[in-house]
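Colleague: Would you mind keeping the following structure in view while I ask a few things?
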Amino acid sequence: MEEVWEPPPEMVIPVVDGWKPYSYFPVIQRCWSHILRVAEDVAKSCSIGKKLSDQLHQLYHNIKRFRQLRPGKSSLKLKEIALNRINDMLAEAKGDTDDVICKKLRKFMITLENAKKDLLTAIEHPDLWLTNNTSERNLRKFVIHRKIRGFVASEKSKKALSNFATVFESQRRDRKSTRLNSSHTDISRMPSSA
């Protein structure tokens, strides 16, 4: 991660899926959409998984509602309550399972146990998103482009493409003009050849 991430990791809190290299950052926000998607899959496997999935969805909606009602407010108390709720869900699921537990549920319970604290970072840092859906949607067209072309020719062009993509997506997202500042060449102002 050090090769691709220039700022010190302490300066940013990324919203991430469960990919191991993100452990490079000391503080992260795990993406709720990724966790809920797996929970929905587990819900199809067994009744305990369904109950756990429903409870997680409810907790997610409660956290979203808190953030809507109190925008910009952090709450260590809510974070503590939510963490206790996840611990209760896991304990209840373990207690309900007896000796029979489906593989998907067992794996998901381990994932949730490992992710629980990082799922709640956005409660303490209200400027963070709960999911990385927008970022992934913005990257999709560049990933498709890379897959079609097969590669980016050099490190220099990879960095240039990344920088331009960031600028253009940020401007598009913020509904600003995609026209570059006046220090760059504007083709419309160039004299036509006679």
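Colleague: Going by the conditions given, is residue 57 under 18 Å from residue 29 (Cα atoms) and open to solvent by less than 90 Å² (accessible area, probe 1.4 Å)?
Modeller: Against the criterion (under 18 Å from residue 29 (Cα atoms) and open to solvent by less than 90 Å² (accessible area, probe 1.4 Å)), residue 57 qualifies.
Colleague: Identify, from the list 20, 51, the residue that is out of contact with any strand residue (DSSP E or B) (no Cβ under 7 Å at 6 or more places or on another chain), open to solvent by 20 Å² or more (accessible area, probe 1.4 Å), at pLDDT 90 or above and charged (D, E, K, R).
Modeller: Unique residue meeting the criteria: 51.
Colleague: A follow-up question, please. Return the residues of segment 63-85 that are surrounded by 14 or more Cβ atoms within 10 Å (Cβ to Cβ), more than 14 Å from residue 127 (Cα to Cα) and not basic (Lys, Arg); say none if nothing qualifies.
Modeller: 78, 81, 82, 83
Colleague: Cβ-Cβ under 6 Å, sequence separation 6+ or interchain: first residue in segment 11-33 and in a helix (DSSP H, G or I), partner modelled with pLDDT of 85 or more and among the aromatic types (Phe, Trp, Tyr). Which pairs?
Modeller: 32/60
Colleague: A further question follows. Applying the selection to segment 23-33, what residues are surrounded by 12 or more Cβ atoms within 10 Å (Cβ to Cβ) and not small (Gly, Ala, Ser)?
Modeller: 24, 25, 27, 28, 29, 30, 31, 32
Colleague: Another question, then. Which condition number does residue 82 fail, the rest of (1) among the small types (Gly, Ala, Ser); (2) more than 25 Å from residue 22 (Cβ to Cβ); (3) assigned to a helix (DSSP H, G or I) being met?
Modeller: Only one criterion is unmet by residue 82, namely (2).
Colleague: Further question on the same structure: Report the residue count in segment 54-89 for those that are in contact with a Phe, Trp or Tyr (Cβ under 9 Å, 6 or more places away or on another chain) and within 14 Å of residue 108 (Cβ to Cβ).
Modeller: Going through segment 54-89 one residue at a time, the tally reaches 1.
Colleague: Take the residues in segment 34-48 that are surrounded by 13 or more Cβ atoms within 10 Å (Cβ to Cβ) and more than 21 Å from the chain's Cα centre (by Cα); name whichever of them is modelled with the highest pLDDT.
Modeller: Taking the candidates together, the pick is 43.
The values are calculated or read from the model by the stated rules, or taken from the named source; none is laboratory data. On a predicted model such as this, the values are computed, not experimentally measured, just so you know. Cβ coordinates were reconstructed from backbone atoms using ideal geometry, including for glycine residues, and neighbour counts include every protein chain displayed. Each accessible area value is taken on the protein alone, full model and side chains, heavy atoms only, with ligands, DNA and RNA left out. Shrake-Rupley method; radii C 1.70, N 1.55, O 1.52, S 1.80 Å.
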